[in-house]
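The values are calculated or read from the model by the stated rules, or taken from the named source; none is laboratory data. Note that the structure is predicted; figures quoted are calculated from it, not measured. Here the Cβ positions follow ideal geometry from the backbone for every residue, glycine too, while neighbour counts run over all protein chains shown. Side chains included, ligands, DNA and RNA excluded: accessible areas come from the protein's heavy atoms. Shrake-Rupley method; radii C 1.70, N 1.55, O 1.52, S 1.80 Å.
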Amino acid sequence: MTVRYIGIDPGTACGWAILSADGRRVASGTWDLASKRHEGGGMRFLRCRRALEELILEGDRVGYEEVARHRGTAAAHVYGGIVAQVTAHCETVGASYSGRPVGSVKKHATGKGNAGKPAMVSAAEGRWGSVGDDNEADALWVADHLRAELETR
């Protein structure tokens, strides 16, 4: 079985990335999980679940950005709902998962634990080429942070 490292940056614009065991980008992007007009509040989580079903397979190693503080209650609820979908799907398919602290991921990517979005994007583009946005860049670095930790064990 080929080892794949999956990174998730939970949010309304949800970054995702797949890296190979040697750190090469297999695929990455950003899902739009914003609530659409005339939808119930749970539809964003159903779209998230469908996307995760296509992304995460048995045996994958999944990391998600672990955020300690949010800008508001709504952001915290969205984050929690997405993380719940990620962890539940991983349990269902037999994929391992863990949270990756934001500061640790930023330090891994740039050498600075408080790096801003432009620095994260620049570092990702220097390593993997063009990225669509900061959410995709964060997901790539989350996957690489997990890969680096597990490969050194």
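Among the residues of segment 19-31, those that are of a type outside the set (S, T, N, Q) and surrounded by 20 or more Cβ atoms within 10 Å (Cβ to Cβ) comprise Leu19, Trp31.
Among the residues of segment 93-107, the ones that are in contact with a helix residue (DSSP H, G or I) (Cβ under 9 Å, 6 or more places away or on another chain) and farther than 19 Å from Lys117 by Cα come to 6 in all.
Residue-wise test of (1) open to solvent by less than 40 Å² (accessible area, probe 1.4 Å); (2) at pLDDT 95 or above; (3) touching a Gly at 6+ places or on another chain (Cβ under 8 Å); (4) not aromatic (Phe, Trp, Tyr).
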residue	(1), (2), (3), (4)
Met1	no, no, yes, yes
Arg49	no, yes, no, yes
Tyr64	yes, yes, yes, no
Ala68	no, no, no, yes
Ala84	no, yes, no, yes
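Looking at Leu146, Leu150, can you tell me which residue is of a type outside the set (Val, Ile, Thr) and modelled with pLDDT under 95?
Leu150
Filtering segment 39-66 to residues that are of a type in the set (Asp, Glu) and free of Cβ contacts under 8 Å to residues at least 24 places away in the same chain leaves Glu39, Glu54. For segment 98-121, a tally of residues being open to solvent by 70 Å² or more (accessible area, probe 1.4 Å) and over 16 Å from Gly15 (Cβ atoms) returns 3. Can you spot a residue in segment 100-109 that is among the basic types (Lys, Arg) and over 17 Å from Arg4 (Cα atoms)? The answer is yes, given that some residue of segment 100-109 is among the basic types (Lys, Arg) and over 17 Å from Arg4 (Cα atoms).
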